[in-house]
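Asker: Encoded as structure tokens, here's the structure I'll be asking about.
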Amino acid sequence: MIAGVVVPAHDEERRIGACLAALRLTGAPVVVVADACADRTAALARTAGATVVEIAARNVGAARAAGVAELLARGAEWIATTDADTLVPPCWLRAQLRHAAHGYDAVAGPVTVTDWTGHPPWLPALFARRYNAPGLHGANLGFTARAYRAAGGFPPLPTGEDRALVTALEATGHRVLRTGSIGVVTSARHDYRAPDGFGHLLSSLADQGEPAA
């Protein structure tokens, strides 16, 4: 099965190198969508061997859709998406494709955080207690080209485009696997890009204060 990876990025020159170094180990072609970037994101991605699509939408749903369109035009049959501040393991894409071989149209996995710098010391335990299911994240998602087209693709949403796509996949009768066995490591940064996304979730938990023992 021909596979590829999409990475939306907005001013990610500090993080895109590590992301692409991890993706290189998957052996798959990578499309970075540099969305309204005013820094060196696009140049660094090209130097790292990625195909770069430049847009000015400032919208993660539109960025993911642009990247998928590029891979579909190349004949990709399986598309995986992650984020520019995320590190995938070498087995990430192979694991998704194994599930695809068993009839799944999409695979969604969890995100974990290993560097909690700048957050209160009690936040990691609180996050682990409240969010111990696989979850649904654009940073750890894969799907077939056929199912993506049938579901209408990523909508141009500033956040929640991942959940919207999976909802549409399920509504159109496609098999979606949520599994905790394929994890990725993402950042807990404060300068998060998507409103109401993962970074906003962590900040909201921190703002609630330390839970009672």
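The values are calculated or read from the model by the stated rules, or taken from the named source; none is laboratory data. Only a predicted model underlies this, so the values are computations on that prediction, with no experimental measurement involved. Cβ sites come from the backbone with ideal geometry, for glycine too, and all protein chains shown count toward neighbours.
Asker: Taking the stated definitions as given, is A65 outside any loop (DSSP other than H, G, I, E, B), under 18 Å from the mean Cα position of the chain (by Cα), more than 24 Å from V185 (Cβ to Cβ) and at pLDDT 95 or above?
Answerer: yes
Asker: Just checking, does segment 92-102 include any residue being under 30 Å from D39 (Cα atoms) and at pLDDT below 95?
Answerer: No; the residues of segment 92-102 include none that is under 30 Å from D39 (Cα atoms) and at pLDDT below 95.
Asker: For segment 167-181, give me each residue that is surrounded by 18 or more Cβ atoms within 10 Å (Cβ to Cβ) and either within 12 Å of L136 (Cα to Cα) or among the aromatic types (F, W, Y) (or both).
Answerer: Selection gives V176, L177.
Asker: A further question on this structure: For D35, work out the one condition from (1) of a type outside the set (V, I, T); (2) out of contact with any helix residue (DSSP H, G or I) (no Cβ under 6 Å at 6 or more places or on another chain); (3) closer than 17 Å to G153 by Cβ it doesn't fulfil.
Answerer: (2)
Asker: Would segment 15-23 turn up any residue that is more than 15 Å from the chain's Cα centre (by Cα) and in a loop (DSSP other than H, G, I, E, B)?
Answerer: No, segment 15-23 has no match at all.
Asker: Which helices (runs of 4 or more DSSP H) sit wholly inside segment 104-213 and have at least 2 residues that are modelled with pLDDT under 90 and of a type in the set (K, R)?
Answerer: Of the helices (runs of 4 or more DSSP H) lying wholly inside segment 104-213, those with at least 2 residues that are modelled with pLDDT under 90 and of a type in the set (K, R) span 123-130.
Asker: Against the definition (among the hydroxyl-bearing types (S, T, Y) and either over 26 Å from H174 (Cβ atoms) or in contact with a His (Cβ under 8 Å, 6 or more places away or on another chain) (or both)), how does T112 come out, yes or no?
Answerer: The answer is yes for T112.
Asker: Which members of segment 1-43 meet the condition of being of a type outside the set (D, E), over 17 Å from L71 (Cα atoms) and buried (at least 23 other Cβ atoms within 10 Å of the Cβ)?
Answerer: Correct list: I16, C19, C37, T41.
Asker: Taking the stated definitions as given, is R46 assigned to a helix (DSSP H, G or I), among the basic types (K, R) and either at positive phi or surrounded by 24 or more Cβ atoms within 10 Å (Cβ to Cβ) (or both)?
Answerer: no
Asker: Please state which one of E70, E12 is farther than 26 Å from T179 by Cα, assigned to a loop (DSSP other than H, G, I, E, B) and in contact (Cβ under 8 Å) with a residue 24 or more places away in the chain.
Answerer: The unique qualifying residue is E12.
Asker: Return the pairs, sorted by first residue and then second, in which the second residue is modelled with pLDDT of 75 or more and assigned to a loop (DSSP other than H, G, I, E, B), the first residue lies in segment 111-133 and is over 22 Å from I182 (Cβ atoms), the beta carbons are less than 9 Å apart, and the residues are 6+ apart or on different chains.
Answerer: Pairs found: H119/V113.
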